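A.B. asks: Mind looking over this structure? Questions follow.
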Amino acid sequence: MDSVALDNPYMQIKSIVKEFSGVRVLHKITLDIYEGEVLGVLGENGAGKSTLLKIISGIYRKTQGEILVKGVHVDIDSTQDAKDLGIAMIPQEFNLISSLNVFENIFLGNEKKKGLFLNKSKMRERTRELLDDLETSIDPDSLIESLSVAQKQMVEIAKALVNDSKILIMDEPTTVLTNHEVNILFKLVERLKERGVTILFISHKLKEIKRLCDRLVILRDGHLISIDEVEAIDEQDMAEKMVGRELNKIYPPKSTASDEVVLSIRDLKIKDILKNINFELKRGEVLGFAGLIGAGRTETAEAIMGLRRKDSGSIQVMGQDVVIQNAADAVKLNLAYLSEDRQGKGLVMNFDIPENITLISLKSYVKGLIQKKKEVEKSKEYVERFDIKAASLGTHLLNLSGGNQQKVYLSKWMDTEPEILILDEPTRGIDINTKKEIYHFIHSLTEKGISVIVISSELEEIIGLSSRVIVMRSGEIMGELTGEDINEQEIMYYASGLKQKTA
């Protein structure tokens, strides 16, 4: 990255404090932000990154401190205040209305009019321009509910760009994107920087920070730890500043599976989506599913769990033929599935921690009435077991960091006592230390004989965890890898179609 002149800051953050119910989560953060720079913001989940940027974008109100823009004190008490100052945020979790189409979402609150009527043709035209900039073929008239997770991310980015913002906040924008889409986004960031736009970039992917950013801010436990020139710090230093100690090996030893087959999928088909899916899962195994976005990995998991109707094919669980027509059937068979879309499909954001943990297992807490004491005690066990950081058990999920939300989501499924656990993008938007915790937890499950399927777009994660890897492309299995063949090159050969399994 080209260097940025560090004089006359565009925005100044002075001694910002934020408290929730008397609990301080930001401690006197002071920071200068410059025009046309890409400023990386790093820290573990719960470090205060999103809280600070939500204050800048008007989602939260600061408890103490001041903000100056071009040397003038400003009050940012709402998202409209931020918008008026040219500040836009691409949130980590989507803020889209599923029943509206793409252009309606992009212009929501900024509708263009022609007299008394909406100028839909103008909005469609501008939407097409924004999507072309992102090199995506999404139709402006498509309903949001019909889009993939990656496509929704592109719509969120387009939505943030519509007002020609001066400060653009990107909160984990690449977690659901392919490498190709990430490269497109990075080229866009370079163009925005050339126009003088300032980018505040949150990412747990240290390679991205190193590649994209000019400077780097590191937060830990709500405190500002350091401000560094990216050229002067390596990835190991970044990670150690985030966690406050030296990091040991992130991945546990690979699991050794038994010969017992606990799940067998035969000739699974869904018209235009999946073709002849055949595989087995063994007891105590971590089976990785790799592939590019659109390969059919999530659809396979949803078909197994009864969340998507299959056209043909059979499923065996513990050697018995089973019929799974819905998620309740799957749960009765001791299957569990963490969706890649934890907020859309996994958690109720305005429920508290115990209410979320017992969403599926609630029957076991009912004796006439819900046994609240039992529910709370069990939730305390999960909070301790997963080190969930929250002000109290009564904290609503929307007030937790992404990593702590994921831990609650994992607790919810563990409360069903599964034998087979399917994890779809289990560490999306999660810091390196929380990833390590989850990886070691997965290993501990396999040692107890629980079998785990991991679907991930992060090849390093697939390689580090899996004792066997299935690679998918265009709705079919292209290859199966074991041992030394589990490497990035072999996975990409199959994922891109350069190799395929032989009959």
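A.B. asks: How high is the relative contact order of region 317-471, in percent, with contacts defined as C-alpha pairs under 8 Å that are six or more residues apart?
C.D. replies: Dividing the mean separation by the residue count of region 317-471 yields 27 percent.
A.B. asks: Using only the Cα atoms of region 343-417, construct the convex hull and provide its projected area averaged over every direction, in square nanometres to one decimal.
C.D. replies: Mean shadow area of the hull around the Cα atoms is 4.6 nm².
A.B. asks: Contact order normalised by length for region 343-417, with contacts defined as Cα pairs under 8 Å and 6 or more residues apart; what percent is it?
C.D. replies: 47 percent
A.B. asks: With θ set to phi - 60° and the Karplus curve 6.51 cos²θ - 1.76 cosθ + 1.60, what are the ³J(HN,Hα) couplings of region 107-121 in order, to the nearest whole Hz, using x for Gly and Pro?
C.D. replies: So the Karplus estimates, Gly and Pro as x, are 9, 4, x, 10, 4, 8, 10, 10, x, 8, 10, 5, 8, 5, 5 Hz.
A.B. asks: Just the Cα atoms of region 146-250: what Rg and Dmax do they give in Å?
C.D. replies: Calculated on Cα positions, Rg and Dmax stand at 15.1, 44 Å.
A.B. asks: Turning to a different aspect of this structure: Please report, for the Cα atoms of the chain, the Rg to one decimal and the Dmax as a whole number; what are they, in angstrom?
C.D. replies: 23.4, 71
A.B. asks: Still on this structure, I have one more. 5 Å is the cut-off here: which amide hydrogens, built 1.01 Å from N in the peptide plane, fall below it relative to V262, excluding neighbours closer than 5 in sequence?
C.D. replies: It is L281, K282, R283, by chain and number.
A.B. asks: Okay, moving on. If packing is taken as the average number of other Cβ atoms within 10 Å across a peptide's residues, how do 480-493, 119-132, 401-414, 161-174 rank, most packed first?
C.D. replies: Ranked by mean Cβ neighbours within 10 Å, highest first: 401-414, 161-174, 119-132, 480-493.
A.B. asks: Looking at the calculated P(r) for region 11-243, what percent of the C-alpha pair distances fall above 24 Å?
C.D. replies: 46 percent
A.B. asks: To continue, here is another question. Could you work out how far the C-alpha centroid of region 153-171 sits from that of region 262-294, in angstrom?
C.D. replies: So the two Cα centres are separated by 36 Å.
A.B. asks: Got the relative contact order for the chain handy, in percent, Cα pairs under 8 Å and 6 or more residues apart?
C.D. replies: 16 percent
A.B. asks: Whole-Hz ³J(HN,Hα) for each residue in region 11-18, computed from phi via Karplus 6.51 cos²θ - 1.76 cosθ + 1.60 with θ = phi - 60°, x for glycine and proline: what do you get?
C.D. replies: 10, 10, 9, 10, 6, 6, 10, 9
A.B. asks: Highest mean first, what order results for 225-233, 343-351 on Cβ atoms within 10 Å?
C.D. replies: Put in order of decreasing packing, that is 343-351, 225-233.
A.B. asks: Rounded to whole Hz and in sequence order, give me ³J(HN,Hα) for region 250-260 from the Karplus expression 6.51 cos²θ - 1.76 cosθ + 1.60, θ = phi - 60°, writing x for Gly and Pro.
C.D. replies: Couplings: 6, 9, x, x, 6, 6, 9, 7, 7, 7, 6 Hz.
A.B. asks: Same structure, new question: For helix 432-447, what angle does its Cα long axis make with the longest principal axis of the chain, in degrees from 0 to 90 and rounded to 10?
C.D. replies: Computed tilt is about 10 degrees.
Laboratory data are not the source of any read-out in this text; all were calculated from the coordinates shown. On a predicted model such as this, the values are computed, not experimentally measured, just so you know. Cβ atoms come from the backbone with ideal geometry, glycine included; neighbour counts cover every protein chain shown.
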